[in-house]
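What follows is one structure encoded as structure tokens, with my remarks underneath.
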Amino acid sequence: MPISPRTALLVIDVQNDFIPGGQLAVPEGDRIVPLINRLAEQFKQVVIAQDWHPAGHASFASSHPGRQPYDVIQLPYGEQTLWPDHCIQGSRGAEFHSGLNLPHAQLIIRKGCNPDIDSYSAFLEADRVTTTGLAGYLKERGIDTVYMVGLALDFCVMFSALDARAAGFNAFVVLDACRGIDLNGSLATAIERMQVAGVGLIQSTELL
Ligand code: VGL
Ligand code: ZN
């Protein structure tokens, strides 16, 4: 299927720390890499999102004495799940999986850089006001439709998809090119929230 030039592929957080063996491994996270490479060949516009935290980030359990990874705490902007230290700026865990092959991608958008605010979404940080500039970039390039793939389906992919819709884009998530963490039912909740928001949930066969 020829894909319109007004369409972009957003490849989310395919980084060593989210791959089995990494600090915040997503089960089977490595399995989607060859499929993402094939899908990307169909797109003229490819954007890569990269989780990119300073050491001591507010989303790390290690930054909150007495807290453990996966605890949920209250931060000034709301609830925050605490994670193991991951995707620290410049670390090997923050690098893209070595099999990811996206030579024609033109933009890498780094997120979660603010020490006090997490950012699952590639569009909007967790305070829900600070933008990454991604919506503006896409709009200035005439893009009206965004397909999303990557990790983790129930966190960064879901929030990126919801924010893409909120910013006025048509949004699709290619489910078999994603994997989830599934923390306390988060995967089922994510599917439900995306459906309610009008995110198209598709399989890669619809694009290949
Ligand atoms: C992510 C938890 C913390 C993700 C990033 O990429 O889904 N999840 N940081
Ligand atoms: Zn993170």
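Below, the figures for the structure above:
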{"quantity": "Qualifying residue in the range 79-86 (condition: assigned to a strand (DSSP E or B), modelled with pLDDT of 95 or more and of a type in the set (Asp, Glu))", "calculated": "yes"}
{"quantity": "Number of the exception - Gly112 against (1) more than 15 Å from the chain's Cα centre (by Cα); (2) open to solvent by less than 20 Å² (accessible area, probe 1.4 Å)", "calculated": "(1)"}
{"quantity": "Whichever residue in the range 123-143 is part of a loop (DSSP other than H, G, I, E, B) and of a type in the set (A, V, I, L, M, F, W, C) and, among such residues, is surrounded by the fewest Cβ atoms within 10 Å (Cβ to Cβ)", "calculated": "Val129"}
{"quantity": "Cβ-Cβ under 7 Å pairs, at least 6 apart or on other chains, the range 185-203 side surrounded by 13 or more Cβ atoms within 10 Å (Cβ to Cβ), far side of a type in the set (Lys, Arg)", "calculated": "Ala197/Arg165; Val199/Arg165"}
{"quantity": "Residue, farthest from ligand 1 (Cβ to nearest atom), within the range 56-78, restricted to residues that are under 22 Å from Phe123 (Cα atoms), of a type in the set (Gly, Ala, Ser) and part of a loop (DSSP other than H, G, I, E, B)", "calculated": "Ala58"}
{"quantity": "Some residue of the range 144-161 being of a type in the set (Phe, Trp, Tyr), crowded, with 21+ Cβ neighbours inside 10 Å, out of contact with any Ser or Thr (no Cβ under 6 Å at 6 or more places or on another chain) and at negative phi", "calculated": "yes"}
{"quantity": "Any hit, the range 146-166, residues being part of a loop (DSSP other than H, G, I, E, B), in contact with a helix residue (DSSP H, G or I) (Cβ under 7 Å, 6 or more places away or on another chain) and more than 18 Å from Gln80 (Cβ to Cβ)", "calculated": "no"}
{"quantity": "Test result for His104, in a loop (DSSP other than H, G, I, E, B) and either within 10 Å of Ser59 (Cα to Cα) or within 13 Å of ligand 1 (Cβ to nearest atom) (or both)", "calculated": "no"}
{"quantity": "Hey, Asn37 part of a helix (DSSP H, G or I) and either small (Gly, Ala, Ser) or touching a residue at least 12 places away in the same chain (Cβ under 8 Å) (or both) or not", "calculated": "yes"}
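Here's the yes/no breakdown for (1) aliphatic (A, V, I, L, M); (2) touching a His at 6+ places or on another chain (Cβ under 9 Å); (3) open to solvent by less than 10 Å² (accessible area, probe 1.4 Å); (4) within 13 Å of ligand 2 (Cβ to nearest atom):
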residue	(1), (2), (3), (4)
Arg38	no, no, no, no
Leu82	yes, yes, yes, yes
Ile88	yes, yes, no, yes
Ser98	no, no, no, no
Ser121	no, no, yes, yes
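The rows are residues; the columns are (1) under 15 Å from Phe155 (Cβ atoms); (2) modelled with pLDDT of 95 or more; (3) open to solvent by less than 20 Å² (accessible area, probe 1.4 Å); (4) of a type in the set (Ser, Thr, Tyr).
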residue: Asp17; (1), (2), (3), (4): yes, yes, yes, no
residue: Leu35; (1), (2), (3), (4): no, yes, no, no
residue: Glu41; (1), (2), (3), (4): no, yes, no, no
residue: Gln45; (1), (2), (3), (4): no, yes, no, no
residue: Pro65; (1), (2), (3), (4): no, yes, no, no
residue: Pro76; (1), (2), (3), (4): no, yes, no, no
residue: Gly93; (1), (2), (3), (4): no, yes, yes, no
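The values are calculated or read from the model by the stated rules, or taken from the named source; none is laboratory data. Just so you know, these numbers come straight off a predicted model, no measurement behind them. Cβ atoms come from the backbone with ideal geometry, glycine included; neighbour counts cover every protein chain shown. For the accessible areas, the whole protein counts, side chains as well, though only heavy atoms, and no ligand, DNA or RNA atoms are used. Shrake-Rupley method; radii C 1.70, N 1.55, O 1.52, S 1.80 Å.
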